[in-house]
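Step one of this worksheet: look at the structure below.
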Amino acid sequence: MNETSSKPMYEKIFEAVKNQILTKVYAVGERIPSEKELAEDYKVSRITSKKALELLTNERLIVRKPGRGSFVADPDTDFVTVNVPAQAVPSALASDMTTIGLVITDFGNSYGTGLIYGMEEASREHDCFLVLRRSFGVPANEELSIQKLLHLGVDGLIVFPAQGEYFNEEILKLVIGRFPLVLIDRHLKGVSAASISTDNAAAARKATAYLFELGHRHISFLSPPPTDTTAVEDRIEGFIQAHAEHGIAVDRELWVNDLLSTLPNSFSGNKIEQDIEKLMVHLQSHPEITAMFAIEYNIALLAKAAVERLGLRIPQDISIICFDSPPTGLGGGYAFTHIRQNEEEMGRLAVGHVLSIMQGKTVPNKMMLEAELIIGDSTDHANK
């Protein structure tokens, strides 16, 4: 185990236990160390030891008995062929079925549906299956969903992480255990985990530059409380970069970065009203504002409500731009000028990267896709 080898740890554990079985250290029918025991012995995560046991099972060296443990297999009795009716439905994932677990905060018309569409399309193309769980942006839900999908036996995972100061422990375990994992929308700083996201900084620069072209110089930047979330940080950075590129000073007094109603479990009537009133007061306190840059669609809706309640017009008095917006055809929502992320391509790439990692191939550690600026009804030339 101390040899300098490029083999993953789960393969080294597999070979060590296999050798012990072949040399009769463990006799037929004898219990071998559990996932937990192997993890402790080799100082690895249980994800890694589980993978090693799966390889031993696939080679028919052991049989795993729920609630009892893993035992050295007896070829004469443990693998007797049983005729199963064709119409029988398996109670768990079939061993020859490639499955990818997806943990996503949530999805809707403004963002997320395209991601899932792209993933499902790629899954069908590669003859594999997608198993979805929503975390609703709550880290505890995300952690539990990952654990349950691993227990179900998925071969890889795609995770759209919940916003928060830190990634949850389960994601870090997956990275350390080299489990096939792709992150969507965010990347782990300083940790080698494959991620696919929009080039948020470039997209925010593009949107801000467009407002500058329309003559806006006093732009209010709207967001939830700052968190250590790479997507949010990159959008802020792009907003600031655009100011620098155009020789315009950033006025943080115009920002509102403590909007709470769009956070997980906070989308309630009272908090929505509080945020709208907060924006109304802010606009009244800063009459120089001619445009508002909302970091997400739901915040753009708050801004629209605040502007209209003050008797101001969009876009004649105040322009609004945001990230993501639902389709407006066939009775869709208000046509905001917005940044449209390439969700379907992001979803297709995520599935392809997970499958490549499973095959031992190298994938880019960080991939960023270009976003498109869609001109809607919410922006016009500044008139102040």
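Would you be so kind as to identify which of I184, P225, N342 lies farthest towards the positive end of the dipole of the chain, taking Lys and Arg as +1 and Asp and Glu as -1 on Cβ and the Cα centre as origin?
Of the candidates, I184 comes out farthest on the positive side.
Give me the extension gain from Q147 to K24: residue separation times 0.36 nm, minus the current Cα-Cα distance, reported in nm with one decimal.
Fully extending the segment from Q147 to K24 adds 40.9 nm.
To make sure I understand, if each residue's beta carbon is the centre and we count other beta carbons within 10 Å, what order do L259, L132, L211 fall in, fewest to most?
Listed from fewest to most nearby Cβ atoms, that is L132, L211, L259.
For a quick check, take a GNM of the chain with Cα springs below 10 Å and name the residue from R31, R186, R178 with the largest mean-square fluctuation.
Highest fluctuation of the listed residues: R31.
Quote the FRET efficiency, to the nearest 0.05, computed for V250 versus L373 with a Förster distance R0 of 25 Å and r equal to the Cβ-Cβ distance.
0.75
So if I place +1 on the C-beta of Lys and Arg and -1 on the C-beta of Asp and Glu, and nothing else carries charge, what would the dipole magnitude of region 105-237 be about its Cα centre? I want it in debye, nearest 20.
So the dipole magnitude of region 105-237 works out to roughly 160 debye.
Under 19 Å from the Cα of K7, which lysines turn up, not counting those fewer than eight places away in the same chain?
Of all the lysines, those that pass the test against K7 - Cα under 19 Å, at least 8 places apart if same chain - are K18, K43, K50, K51, K173, K361.
Measuring from label point to label point, each 7 Å out along Cα→Cβ, what is the L172 to E15 span in nm?
Computed distance between label sites L172 and E15 equals 3.0 nm.
Regarding the chain, what are the three Cα extents along the principal axes, ordered largest first, in Å?
Computed over the Cα atoms, the extents are 86, 49, 36 Å.
By count of other Cβ within 10 Å, fewest leading, how are C322, C128 ordered?
With the fewest neighbours first, C322, C128 line up as C128, C322.
Pop the C-beta distance of T362 and H286 into the FRET formula with R0 = 45 Å and round what comes out to the nearest 0.05.
My answer for the efficiency is 0.35.
Report the GluC sites (Glu not before Pro) located in region 163-258 that are in a DSSP loop and have at most 10 other Cβ atoms inside 10 Å of their Cβ, or state none.
E165
Using DSSP, restrict attention to beta bridges with both residues in the chain and report what percent are antiparallel, rounded to the nearest 5.
About 20 percent, rounded to the nearest 5.
For labels at H381 and K36 in the simple 7 Å Cα→Cβ model, what's the distance in nm?
7.2 nm
Quick one: helix 297-309 against the long Cα principal axis of the chain, what's the angle to the nearest 10°, folded into 0 to 90?
Once rounded, one gets 20 degrees.
By count of other Cβ within 10 Å, fewest leading, how are E343, E59 ordered?
Exposure proxy ranking, most exposed first: E59, E343.
Among G118, G29, G215, whose mean-square fluctuation peaks in a Gaussian network model of the chain (Cα, cutoff 10 Å)?
Highest fluctuation among the options: G29.
What is region 200-341 by shape, rounded, prolate or oblate, if you read a ≥ b ≥ c off the alpha carbon gyration tensor as root eigenvalues and call it rounded for a/c under 1.5, prolate for a/b larger than b/c, and oblate otherwise?
Taking the square roots of the gyration eigenvalues as a ≥ b ≥ c, region 200-341 is rounded.
Here, each number is a calculation from the coordinates, and none is a lab measurement. Just so it is clear, the structure is predicted and the values come from calculations on it, not from any experiment. When we count neighbours, we look across all protein chains shown, and the Cβ atoms used for this are built from the backbone with ideal geometry, even at glycine.
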